[in-house]
1. Could you tell me the distance between the Cα centroids of the range 82-152 and the range 204-220, to the nearest Å?
2. Given H placed on each backbone N at 1.01 Å, which residues far from Phe92 in sequence or on other chains put an amide H within less than 5 Å of it?
3. Treat every Asp and Glu Cβ in the chain as -1 and every Lys and Arg Cβ as +1, leave all other atoms uncharged, and give the resulting dipole magnitude about the Cα centre to the nearest 20 debye.
4. Set the Förster distance to 22 Å, then compute FRET efficiency between Asp168 and Leu103 from the Cβ-Cβ distance, nearest 0.05.
5. Show me the trypsin sites (Lys or Arg not before Pro) within the range 98-127 that DSSP assigns to loop and that have at most 13 other Cβ atoms within 10 Å of their Cβ.
6. Compute the relative contact order of the range 145-238 as a whole-number percentage, counting only Cα pairs closer than 8 Å that sit 6 or more residues apart in sequence.
7. Ranked from highest to lowest mean number of other Cβ atoms within 10 Å per residue, what is the order of the peptides 189-198, 67-76?
8. Take peptides 29-39, 212-222 and line them up by average Cβ neighbours within 10 Å, highest first, as a rough protection proxy.
Amino acid sequence: MTITPVVFVPGLMCDRHLFAAQANALGGARSVGHADLSKDATIAAMAARLLAEAPDRFCLVGLSMGGIVAFEAWRQAPARIAGIALLNTTPFADSPARQATRLSQIDRVKRGQLKSVVMEELKPNYLGSQSKCDEALLDEIYVMAASLGPEVFVRQSRALMSRKDSIDTLSTINRPTIIIAGAEDDVCPPELHEIIHRGIQGSKLLVVPRSGHLTTMEAPDIVAKALSNFLDELDHLT
């Protein structure tokens, strides 16, 4: 049996703190790494950097933009990927309406309004009903964004605007896959994850109740247990 290494891939304006509970739960005998999506201006370049820094063979765990990067990493190097966990993500390219929203946010951030964009636009959409008033969680989210800064926001937003559609990629994924959705995720709702689930043969789908777009932080124990069980099964296959 091989103990499969894990590479966590964060979402927009997030870092390793997004997966703190899961990394702690999986640590020990299992190698745990974190992709850096802060330096590149395209999803393809983010995936290439991830692959350059990752173990020879590993399991990808991507949330939101991290899931989008995971699709691209699969396209670039499928033989290196032992399994995939896709959380709170989408297989679709940005819609014109979403691109327009991002352009407006980019303009505001360039004018020094990163905090207001995160606090007024991103946070309210990210969290489920039970988490919207969790001040400690809200502060954690903002601290991640502030630590990355406005230049990273602009790069990542433009990368998301120009990303490829991954619908045709779904049917090519022939590794064990788990898909995790938040029941109250307004950014990437459960129906998107149903599409991913139907598209990837043999995949598993978990919908986390009372959780929004950041399941790893809103329901850390549920997600950690699901990933642990998935990886234990994966270890026995590799």
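Quick note: the coordinates plus some simple rules give every number you see, no bench work behind them. As the structure is a prediction and not an experimental result, all values here were calculated from the model. Counting neighbours? That spans all protein chains shown, and the Cβs are built from the backbone with ideal geometry, glycine included.
1. So the two Cα centres are separated by 17 Å.
2. The answer is Ser166.
3. Values: 24 positive and 27 negative charges, 120 e Å.
The calculated dipole for the chain is roughly 580 debye.
4. 0.25
5. Passing sites in the range 98-127 are Arg111.
6. 24 percent
7. 67-76, 189-198
8. Top of the packing list down: 212-222, 29-39.
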